[in-house]
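Take a look at the structure set out below.
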Amino acid sequence: MIRSNTPSAFGASVIPVHEIGKLAAEREPGTLAAAIEPLHSAARSYADAQRRLAEALEAEMDG
């Protein structure tokens, strides 16, 4: 299992064995790239949350 490097609230995981089996059976280009999209999405969501928090804290300090 591969998990995103994010807190559990933003967590996502992929089980490569399942994806490799799917790739072997279907032989569709992009199968593995699509499989890691949840990991990328989790990382983007976490980065967005961190940015918004930093902006809110900065606005509060200016405020």
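The values are calculated or read from the model by the stated rules, or taken from the named source; none is laboratory data. Note that the structure is predicted; figures quoted are calculated from it, not measured. Remember, those area values only see protein heavy atoms, side chains included, never the ligands or the DNA or RNA. Shrake-Rupley method; radii C 1.70, N 1.55, O 1.52, S 1.80 Å.
Using the heavy atoms of the protein chains and a 1.4 angstrom probe, tell me the accessible area per residue for the chain in square angstrom.
Heavy-atom accessible area per residue stands at 77 Å².
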On the protein heavy atoms, probe 1.4 angstrom, tell me the percent of accessible surface of the chain carried by carbon and sulfur. 57
Hey, could you pull the Cα Rg and Dmax for the chain, both in Å? 16.9, 58
Can you give me the angle between helix 37-62 and the longest principal axis of the chain, using Cα atoms only, in degrees from 0 to 90, rounded to the nearest 10? 0
Against the longest principal axis of the chain, how steep is helix 16-26, in degrees 0 to 90 to the nearest 10, with axes from Cα atoms? 50
